[in-house]
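Here is the structure we will look at, set down as C-alpha cells.
The values are calculated or read from the model by the stated rules, or taken from the named source; none is laboratory data. For clarity, every value in this text was computed on a predicted model and none was experimentally measured. Positions of Cβ are backbone-derived with ideal geometry, glycine not excepted, and every protein chain shown enters the neighbour counts.
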Amino acid sequence: MKREWILDKNHLSYWLRQLRNQMQLIAPMRDQVGDIVFKQVEHIHKIELNCPSLLPSVKEFFLPQYERLFEYSKKDDRVVDSISKTKRVIFGLRSCDVAALNTLDRFFIDEMPDPYYKSRRENSLLISIVCNNPDPTCFCIGLDTGPYLKQGFDIQLTDLGDRYFVQAESEWAISIIKNYHFLFSRPQKSDYDDQYEVLLSSKARFQKRISLQQSRQLIKSGRIKDSFWQGITSRCFECGGCVYQCPLCTCFTVVDRSYNDTVERARLWDSCLFKGFTRLAGGILPNEERIKRTKRWFFHKLIHYPDVLESFGCVGCGRCTVTCPGRIDMASVCMKLKSIALNGEEITDEG
Amino acid sequence: MKVKNREPAKQENNIYRPIKGTIERIKKQTSDVSLFTLELEEPVHYKAGQFFMVSVWGAGEVPISVTSLARKSTRIEFCIRRVGMVTGRIHQLKEGDNLWIRGPYGRAFPLELAKGRDVVIVAGGIGIAPLRPLIETFMKRKKYKVSLLYGSRSPDDIVYLDETRKWKQQGVNVVLTVDRPTDGWKGNVGLVTTLWHLAEVDFKKSVAFICGPEVMIRAAMQDLFFFGMPEERIITTLEAHMKCGVGKCGHCYAGKLYICKDGPVFSYKEIKEQSILNLGF
C-alpha cells in the first residue's frame, strides 16, 4: 500500500517537533567539530536540511560500533540482556541507506533473527529524502538503490522547492501521517509533474556510471587473474576504513569485559581485511596472505551477496571512495574491471 | 521492513543467550586435554558433528564440538584442549564450577551415508573428539564394520586411550600412530595417511569421516578420493574462528557458506565445489 501527500515546508518543523515528543528523533546535525553526522535532535532548527548526500551511514544506529549484549552479575549469577526498545524516528537519511537496511533485514532477521538488530529495526521509523543533488562519488543509480526508491521505504520525501512530495509505505508510517492529517494535502497533477522533473534532473547529475553486474560477470567468467587482485592488494593499507564506512559490512567480534561485580559481553565492529580476523586456536592464520583478504571483501560483495541475499553487497553510496587511501574502493575497482572488459587490459585510472 | 507478525520479545528468543551448566566431572586425558561432563539447567538436543559455543564469563566464548552420544539430555560432554585464552580459563575450572553454553549449532554427521557400508574414521589429535559419538553410535547399532585411524603427536597425547581399548574389544579396527614415539611405544610411527593399508576396507564401497588439523584433512580426503571413494562420501568437519555460531559475525565465512551454520560438517564434494578449504576465492 503506497500513499502520497504534499507537505508544505513550513509545516515540517511542527511535524518533526510533534514526532520528537513521542519518540527519539535522529537527524543530520553538526557535531562539535563542525562535521554533519546523524545525532539525536535537541533543537529542531539545528537540523541540517541541505547537507550533502554523503554522511556517515546510519548503520551505527542498528549495529552500533560497540554494543552490549549481556551483563552477567557475579553476585546473583544472573544474565541480563540489553535489547534496546527505544522508539526512534530517523529523519534525513538517503535512499542508499534505506536500501542497505532492507538488505541487512534479510541477513539479520530472515534466518536466526538477531534480537538486537531486529528490535532496533522494528522500533525505528525512517524518513528518507530523495537526493536532488548526488555527490560526485555516488553511483547508486546503477544499482537501483537511489537517488529515490520505488519501494522498501517507510516515508520518502522529495524536495520540490517550497514543499515536499511525501510517499509512505509501511502501516506505521501511514498512521503517523494520518495523525497529523491537517499538515498534509492531496498532491495535484502539478506536484507529480514537479516530482518527475526533480527525479529526472537528479538522475542527470550522476557523474559515475558503474555496473556491478558487469564486474560480477567478468569475475565469474574467470578472466580476472590473481595478478589483478595482487595489484589491488598492493594498494591496500589494511586500515579497515571501507569496512567501517560501508552500510553493508556487518562483521563483528565479541568480547567479555570484567568489572568488579559484573561482566559485560559486548560486540564490536570487526574487519575481514585484518590478518587476525580468521585466526584459529593455536595461532594459525588461514588468511595470512593479504590477497586472500582483499578478494574476500570484493567477492563477498560482488559474488556471494547476490547469490545468497539477491542483492549486491553494495548500494553505491561511495563512502569507500571517499575513505580509501589506496583508491581501491568499489567504484575504482569496478572501473578497472570495466577497462579490462573493454580493452582486454588495464588502463590507468582517472586522476 | 519486517514488522508483521510481531511476537512479544521473549528472553528465550535471544540466539546469543547461553544457558548454565555445572561441571560434574573433569577427566584428564593428556597433559593439555580434559573431558568435561556438564549438567545443564535445561535439556538440549544434540547430534554428533554439531557444536556449542562454550563460555566462561570474563574470558569469552569458543566453539567446541559435542563429544557425547547424540541425545536430548541435560548432560553433555566436551573434550577441550588448552590452546588459547578461553580454553586456558576453562582448564582452570574445577568440578562444581560453571560453564555456559549455547547451541547446538551446525549440521550433524550424515549417518545415513553409512547404511550398508563400511566406515573409515580418520582422526588427528583432538580431532577425535567429534568422532567419538560417531564410533559409539556405530558400535551401538552393531551392524557396522568400523576402522579407526588415529594419529597423535606422541603416545602421551593420545586422547581417549582407554576408550580405544574398549572400542577394540567391541570390534573396531583401531590403528594408532604417533609422530614422535617415546621409549616403550611399539605401535605405528608417522602420519595417518601412510597407514591406509591397515584400514581393512574396500574404499570404493565405504564412507569416511575425518577430523583433525587442516593439512591432515586435506591429505586424507585427496588420498581417499584417489583410492576411488566417491567424493560425496568423504565427510569432514572443519574448524574456523567463530564468534556467534549462527552465521552473523562473519568470521567463518568461506565461499558463500558459513562454516558454523552451513557446516561444520562438509563432504569433499561440497568443499571442492564451494572452494572452502585452501580458499580458492
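Scan A:220, A:150 and give me the residue that is within 30 Å of residue A:306 (Cα to Cα), within 24 Å of the chain's Cα centre (by Cα) and surrounded by fewer than 16 Cβ atoms within 10 Å (Cβ to Cβ).
On the way: A:220 fails: within 24 Å of the chain's Cα centre (by Cα).
Among A:220, A:150, only A:150 is within 30 Å of residue A:306 (Cα to Cα), within 24 Å of the chain's Cα centre (by Cα) and surrounded by fewer than 16 Cβ atoms within 10 Å (Cβ to Cβ).
Which members of segment B:58-69 meet the condition of being crowded, with 23+ Cβ neighbours inside 10 Å and outside any strand (DSSP E or B)? Steps first, please.
Initial filter on segment B:58-69 (crowded, with 23+ Cβ neighbours inside 10 Å): B:61-67.
Matches in segment B:58-69: B:67 only.
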Residue in segment A:71-84 that is more than 19 Å from the chain's Cα centre (by Cα), of a type in the set (Gly, Ala, Ser) and within 10 Å of another protein chain (Cβ to nearest Cβ) present: yes
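What strands (runs of 3 or more DSSP E) lie completely within segment B:124-228 and have 3 or more residues being in contact with an Asp or Glu (Cβ under 6 Å, 6 or more places away or on another chain)? Before the answer, list the steps.
Values: elements: B:146-152, B:173-178, B:206-211.
It comes to none.
Is there a residue being out of contact with any Asp or Glu (no Cβ under 7 Å at 6 or more places or on another chain), assigned to a strand (DSSP E or B), at the interface with another protein chain (Cβ under 8 Å from one of its Cβ atoms) and touching a residue at least 12 places away in the same chain (Cβ under 8 Å) anywhere in segment A:258-269? Spell out how you get there, then give the answer.
Here is the first cut: in segment A:258-269, the ones out of contact with any Asp or Glu (no Cβ under 7 Å at 6 or more places or on another chain) are A:258-261, A:268-269.
Pick out the ones that are also assigned to a strand (DSSP E or B) and you get A:258, A:268-269.
The next check asks that each one be at the interface with another protein chain (Cβ under 8 Å from one of its Cβ atoms); those that pass are A:258.
Add one more test, that the residue is touching a residue at least 12 places away in the same chain (Cβ under 8 Å), and what stays is none.
No, segment A:258-269 has no match at all.
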Hits in segment B:1-46 (condition: in a loop (DSSP other than H, G, I, E, B) and either within 20 Å of residue B:63 (Cα to Cα) or at pLDDT 90 or above (or both)): B:14, B:15, B:16, B:17, B:18, B:29, B:30, B:31, B:32
Members of segment A:166-204 that are within 14 Å of another protein chain (Cβ to nearest Cβ) and among the hydroxyl-bearing types (Ser, Thr, Tyr): A:170, A:175
Options B:73, B:34, B:65; residue that is in contact with a Phe, Trp or Tyr (Cβ under 6 Å, 6 or more places away or on another chain) and of a type in the set (S, T, N, Q): B:65
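Checking the condition in contact with a strand residue (DSSP E or B) (Cβ under 7 Å, 6 or more places away or on another chain), within 27 Å of residue A:136 (Cβ to Cβ) and not in a strand (DSSP E or B), which residue from A:195, A:213 passes?
On the way: A:213 fails: in contact with a strand residue (DSSP E or B) (Cβ under 7 Å, 6 or more places away or on another chain).
It is A:195.
When you look at residue A:182, is it crowded, with 21+ Cβ neighbours inside 10 Å and either part of a loop (DSSP other than H, G, I, E, B) or not polar (S, T, N, Q) (or both), yes or no? Walk me through it before giving the result.
Numbers: crowded, with 21+ Cβ neighbours inside 10 Å: no; either part of a loop (DSSP other than H, G, I, E, B) or not polar (S, T, N, Q) (or both): yes.
So residue A:182 does not fit the description; no.
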Count of segment A:27-43 residues which are surrounded by 15 or more Cβ atoms within 10 Å (Cβ to Cβ), in contact with a Leu (Cβ under 9 Å, 6 or more places away or on another chain) and under 13 Å from residue A:89 (Cα atoms): 4
Residue match in segment A:11-23 (condition: touching a residue at least 40 places away in the same chain (Cβ under 8 Å), surrounded by 19 or more Cβ atoms within 10 Å (Cβ to Cβ) and in a strand (DSSP E or B)): no
